[in-house]
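Before any comments, here is the structure.
The values are calculated or read from the model by the stated rules, or taken from the named source; none is laboratory data. Here the structure is a predicted model, which is why all the values come from computation and not from measurement. Cβ placement follows ideal geometry from the backbone for every residue including glycine, while neighbour counts extend to all protein chains displayed.
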Amino acid sequence: MDQRFDVTERFADGAQYIAGRPRQGGSEGTHQVVDPATGEQVFGYRLAGAADVDAAVAAAEAAFPEWAGATPGERSDAMHRFAAVLTERADDLAYAESLQCGKPIKLSTEFDVPGSIDNVSFFAGAARQLEGKAAAEYSGDHTSYIRREPIGVIGSIAPGTTPSRWRPGRSSRPSPRATPSC
């Protein structure tokens, strides 16, 4: 069975997603994704430029107050929805991963993509399980306590050569769920 399909058709022609909407990179540069197993160009996209980074930061800053005010349950639910989208697109993601990394589809379908989904799901559940002492007496004249407070927007860059298993996890680690900072 031939699993090949038009990757650009299924992946919005390499678009970036900023503020929940696809858009092409504003840089003049382009990146061509080549299947290392065949040397075939499988798709390409325009690279992000400074204006794209500024737009992404502005969108994150605009979304920050709502995310910062979300309860652990609301954050958990949002991350579970993200895991559901990954699950729905698992076959497409595995195929694209296999093409761009030149590895067997079986590795992508049985390890990389399920691992990504599991990573997001794990931290979605952990968002409701924040642990740590709320207060402690280490000195006789005052009480110390832990306060989880959102501090702002962060940036994280995952190279395209990083296996998909680790890319979604960058946005679902404890920091965003506990102190909503992205």
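Structure values in brief
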read-out	value
Subset of the range 45-55 [in contact with a strand residue (DSSP E or B) (Cβ under 9 Å, 6 or more places away or on another chain) and either surrounded by fewer than 14 Cβ atoms within 10 Å (Cβ to Cβ) or acidic (Asp, Glu) (or both)]	52
Flag for residue 175 being closer than 26 Å to residue 20 by Cβ, at pLDDT below 65 and not β-branched (Val, Ile, Thr)	yes
Residue in the range 131-140 that is modelled with pLDDT of 65 or more and within 30 Å of residue 43 (Cα to Cα) present	no
Residue, farthest from residue 125 (Cα to Cα), within the range 72-95, restricted to residues that are touching a Lys or Arg at 6+ places or on another chain (Cβ under 9 Å) and among the hydroxyl-bearing types (Ser, Thr, Tyr)	95
Pair list, Cβ < 8 Å and 6+ apart or interchain, from the range 97-116 residues that are among the aliphatic types (A, V, I, L, M) to residues that are modelled with pLDDT under 90 and not in a helix (DSSP H, G or I)	99/33; 99/35; 99/42; 105/3; 113/164; 113/165
Residue identified as modelled with pLDDT of 85 or more, surrounded by fewer than 12 Cβ atoms within 10 Å (Cβ to Cβ) and either touching a helix residue (DSSP H, G or I) at 6+ places or on another chain (Cβ under 8 Å) or under 27 Å from residue 98 (Cβ atoms) (or both) among 61, 40	40
Filter result for residue 100 (at pLDDT 80 or above and under 25 Å from residue 31 (Cα atoms))	yes
Every residue from the range 84-97 that is aliphatic (A, V, I, L, M) and at pLDDT below 95	85, 86, 90, 93, 94, 96
Residue identified as in contact (Cβ under 8 Å) with a residue 40 or more places away in the chain, out of contact with any Lys or Arg (no Cβ under 7 Å at 6 or more places or on another chain) and of a type in the set (Gly, Ala, Ser) among 51, 62	62
Of the criteria (1) modelled with pLDDT of 65 or more; (2) part of a loop (DSSP other than H, G, I, E, B); (3) of a type in the set (S, T, N, Q), which one residue 181 fails	(1)
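Yes or no, residue by residue, for (1) of a type in the set (A, V, I, L, M); (2) closer than 23 Å to residue 25 by Cα; (3) surrounded by 15 or more Cβ atoms within 10 Å (Cβ to Cβ); (4) touching a strand residue (DSSP E or B) at 6+ places or on another chain (Cβ under 7 Å):
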| site | (1), (2), (3), (4) |
| --- | --- |
| 57 | yes, yes, no, no |
| 90 | yes, no, yes, no |
| 93 | yes, yes, yes, no |
| 112 | no, no, yes, no |
| 123 | no, no, yes, no |
